[in-house]
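The block underneath contains the structure these notes are about, expressed in structure tokens.
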Amino acid sequence: MRLATLTGKDNYFEDFVPGAMMRHARGKTVEAIENVILTNLVMNTAQAHFNEHAMKNNRCGRRLTFGGVTLALIIGLAAQDTAENALAELALDKIRFSHPVFHGDTLYAFTEVLAVGPSDREDAGIVHFRHWGVNQDEKIVFEGERRVLIKRRSHWADR
């Protein structure tokens, strides 16, 4: 696996190369309050996310973290390397949650650059990423693809 390390100065459109892989530097432990707040904020009424008593008899035996929290954390962990020079989020596709996430799990993010291409703007191009996240046991908990409109260095670096 070819690993790339990017910084805010090094993640303009021109810096992304198809096939490049990134292991993002930070991990994030999922706190119960994050799950509760986002689950309630989006009015998700599934008891799996907020009723510990009901979940004791479930096959998992405890509350699950809402998938929206998992998605947000993985994309957030990847953002330092993939979105510092983003102008717009264009698409989120092929989302899969392949293993449950629980309060107290620590998540880590990885990214592969699938493609780069032009946009209808001369000052930016489109980068197609594949993101995935693993927990502390290296089990994949999230996979998805994302397209982002990213600034071109030639138009933005000196501003």
| remark: Pairing a residue in segment 58-72 that is surrounded by 18 or more Cβ atoms within 10 Å (Cβ to Cβ) with any residue that is of a type in the set (Asp, Glu), where Cβ atoms lie under 7 Å and the two sit 6 or more apart in sequence or on different chains, gives Arg63/Glu52; Val69/Glu34
| For segment 78-99, does any single residue satisfy the condition of being charged (D, E, K, R), within 16 Å of the chain's Cα centre (by Cα) and surrounded by 14 or more Cβ atoms within 10 Å (Cβ to Cβ)? | yes
| Candidates Asp15, Asp93 - the one that is in contact with an Asp or Glu (Cβ under 9 Å, 6 or more places away or on another chain) and in contact (Cβ under 8 Å) with a residue 24 or more places away in the chain | Asp93
| remark: Of the residues in segment 29-74, those that are hydrophobic (A, V, I, L, M, F, W, C) and not in a helix (DSSP H, G or I) come to Val30, Val42, Met43, Ala46, Phe50, Cys60, Leu64, Phe66
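Read-outs: derived from the displayed coordinates by stated rules, not from any lab. From a predicted model like this one, the values you see are computed outputs, not experimental measurements. For neighbour counting, all protein chains shown are included, and Cβ atoms are generated from backbone atoms with ideal geometry for every residue, glycine included.
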